[in-house]
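Input: a single structure, listed below in structure tokens.
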């Protein structure tokens, strides 16, 4: 619990990050325990941190558990063709915004084929900060469960 709140506290100094705090939870006046309260990543968060609600937003995590085809899990480290890869990606990501798949595909294409143009579609500095923070904080969240 300390790591999660600390992670967001540090991240918030360098990039948009959810606010996090500890919460004592009571149900019908019965104390249940201490939990982490985490700000949702939603349109309000996008407006506050990016100045617009019209951002590309995808969700993957514990509360989104779609059916994933067996081939996606079995071939996760294998060399995929683009069709197989996008089938698996669409199975594990929920698109929250009205659009974004084409932009995500373009990011992937540039990463694979034109890495010298990556700054057009990715904030490299913020991405490196996030990767470094994930390593320092030993954030072991896995995309594939």
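The values are calculated or read from the model by the stated rules, or taken from the named source; none is laboratory data. Predicted model only: the values in this text are computed from it and were never measured. Positions of Cβ are generated from backbone atoms using ideal geometry, with glycine treated the same way; all protein chains shown enter the neighbour counts.
When residue 100 is tested against (1) modelled with pLDDT of 85 or more; (2) surrounded by 15 or more Cβ atoms within 10 Å (Cβ to Cβ), exactly one condition is not met: (1).
Screening 67, 114 for residues that are at pLDDT 90 or above, surrounded by fewer than 12 Cβ atoms within 10 Å (Cβ to Cβ) and farther than 20 Å from residue 131 by Cα leaves exactly one candidate, 114. Scanning segment 1-21 for residues that are over 15 Å from residue 40 (Cα atoms), outside any helix (DSSP H, G or I) and in contact with a strand residue (DSSP E or B) (Cβ under 9 Å, 6 or more places away or on another chain) yields one hit, 1.
Here is the figure for segment 48-64: residues that are within 24 Å of residue 106 (Cβ to Cβ), under 18 Å from the mean Cα position of the chain (by Cα) and at pLDDT 70 or above total 10.
Per the conditions (1) closer than 30 Å to residue 3 by Cβ; (2) modelled with pLDDT of 85 or more, the sole criterion not satisfied by residue 139 is (2).
Looking across segment 17-42 at every residue that is under 13 Å from residue 2 (Cα atoms) and over 17 Å from the mean Cα position of the chain (by Cα), the one that is surrounded by the most Cβ atoms within 10 Å (Cβ to Cβ) is identified as 36. Answer yes or no: is there a residue in segment 83-92 that is part of a loop (DSSP other than H, G, I, E, B) and either exposed (fewer than 14 other Cβ atoms within 10 Å of the Cβ) or at pLDDT 75 or above (or both). No, segment 83-92 contains no residue that is part of a loop (DSSP other than H, G, I, E, B) and either exposed (fewer than 14 other Cβ atoms within 10 Å of the Cβ) or at pLDDT 75 or above (or both).
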